[in-house]
Amino acid sequence: MYSDLISIIIPTYNRGNIVSKTLQSVMSQTYQNWECLVVDDGSTDNTEDVVNKFVESDKRFSFFRRPLSKPKGANACRNFGFSKSKGSYINFLDSDDIFLPQKLQLQVKALQVSDYPFSICQTNIWNEQIQEDQGLRSLAIISPTPLDDYIQFRIFWSIQAPLWKRDVIENYRFDESLQQSQEYDYHIRILAKYNEYHATDEVLTTIISHFDNMSISRTDRMDKFKSNLNVRYSTLKKLNHQLLPETKSYLFSYFLSFFKIMVLKRDFEKAFVCLQRIRMAIHYVDDYNGQKFKYIVRWSLAIPAFLLFRRGDVFLKTL
């Protein structure tokens with residue numbers, strides 16, 4: 001029973017200075033029946049050389065390059081790695097984060113003796129810049145309404161925390177068009193079908209916060225901005241009949257808040273993108289007492305008001 005193969009899939013890009021810590025944490029697992037597939041996203045540093053030293057010393061490691069036919073990004077690397085994996089269980093891991101030694105052993109044991117589709121553990125954040133433990137990634141990972149609470153960040157986990165049964169995620173892939181919120185989207189889609197899972201409050205993974213991964217702005221690039229909006233809209237549209245009213249309002253308020261921010265910043269291109277999502281999304285919420293058209297007109301007038309007259313606060317008062 002306890003010899004089931006676990007596939008660990010790691011996308012990487014220019015992590016030659018840190019990926020060895022990640023791979024060493026895989027080697028240090030008390031559960032030994034694993035394979036680790038590292039998929040490079042076109043690194044220009046010494047990442048390949050660093051990884052190949054592990055490949056040469058331990059055949060459980062393998063190194064791949066993302067096929068040129070697939071788009072650049074961690075999503076495509078994860079999907080490609082999954083296609084090459086052989087394990088009964090799957091664990092995704094970023095190339096700058098680490099497993100604690102008992103991560104695989106504790107979670108695979110819980111899944112092998114249960115019908116749970118996946119197992120979640122707690123995660124700490126370590127700030128590499130100031131050499132300080134900054135506590136848990138999320139205070140809670142368990143909820144009686146996990147889909148709604150995950151969407152609203154009342155519970156949360158990152159990519160490295162879940163250990164998945166392969167047959168559970170066989171038909172799920174990361175959306176390769178997304179530049180942000182891809183993990184959020186992936187976990188929401190799975191939670192929409194599987195709302196019971198194993199969870200342990202034991203910290204079994206660590207996120208390393210460092211200079212290279214500190215830029216998490218949702219608005220600095222249009223592709224990232226659209227990705228965040230698109231994930232929320234897709235969730236609202238496709239899961240509308242599953243979500244609680246407050247969750248639908250929460251998602252809709254995401255568009256409204258960024259619309260207001262972009263109008264006030266006079267970033268009208270992003271404001272218009274938000275307005276488009278608002279016009280589509282308002283049909284999936286029960287707010288505004290049957291006066292949705294009136295509110296859409298009011299919000300639409302904010303853009304020309306600020307563009308032409310540099311103010312139009314009256315059109316934003318309802319936001």
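Cβ-Cβ distances below 8 Å connect the following pairs, each with a first residue in the range 27-54 that is at positive phi, a second residue that is of a type in the set (Phe, Trp, Tyr), and a separation of six or more residues or different chains: Gly42/Tyr13. Asn171 - would you say it is part of a helix (DSSP H, G or I) and either more than 18 Å from the chain's Cα centre (by Cα) or not aliphatic (A, V, I, L, M) (or both)? Here the answer is no, as Asn171 does not meet what is asked. When Leu139, Leu178 are screened for being open to solvent by 10 Å² or more (accessible area, probe 1.4 Å), touching a residue at least 60 places away in the same chain (Cβ under 8 Å), of a type in the set (A, V, I, L, M) and not in a strand (DSSP E or B), only Leu178 passes. If you filter the range 216-248 down to residues that are assigned to a helix (DSSP H, G or I) and small (Gly, Ala, Ser), you find that the one that is surrounded by the fewest Cβ atoms within 10 Å (Cβ to Cβ) is Ser234. Annotation note: of Arg298, Arg266, the sole residue that is in a loop (DSSP other than H, G, I, E, B), more than 24 Å from Glu183 (Cβ to Cβ), basic (Lys, Arg) and open to solvent by 50 Å² or more (accessible area, probe 1.4 Å) is Arg266. Do the conditions hold for Asn75, that is, is it in contact (Cβ under 8 Å) with a residue 12 or more places away in the chain, out of contact with any Pro (no Cβ under 6 Å at 6 or more places or on another chain), open to solvent by 20 Å² or more (accessible area, probe 1.4 Å) and outside any loop (DSSP other than H, G, I, E, B)? The answer is no for Asn75.
Among the residues of the range 4-26, is there at least one that is open to solvent by less than 50 Å² (accessible area, probe 1.4 Å) and among the aromatic types (Phe, Trp, Tyr)? The answer is no; no qualifying residue exists. Contact map, the range 263-286: first residue under 16 Å from Thr219 (Cα atoms), second residue of a type in the set (S, T, N, Q) and surrounded by fewer than 18 Cβ atoms within 10 Å (Cβ to Cβ), Cβ cut-off under 7 Å, separation 6 or more or different chains; pairs are Lys270/Thr219; Leu275/Ser300.
The values are calculated or read from the model by the stated rules, or taken from the named source; none is laboratory data. Since this is a predicted model, take the numbers as computed values, not measurements. Cβ atoms come from the backbone with ideal geometry, glycine included; neighbour counts cover every protein chain shown. We work out accessible area using only protein heavy atoms, side chains counted, and drop any ligands, DNA or RNA first. Shrake-Rupley method; radii C 1.70, N 1.55, O 1.52, S 1.80 Å.
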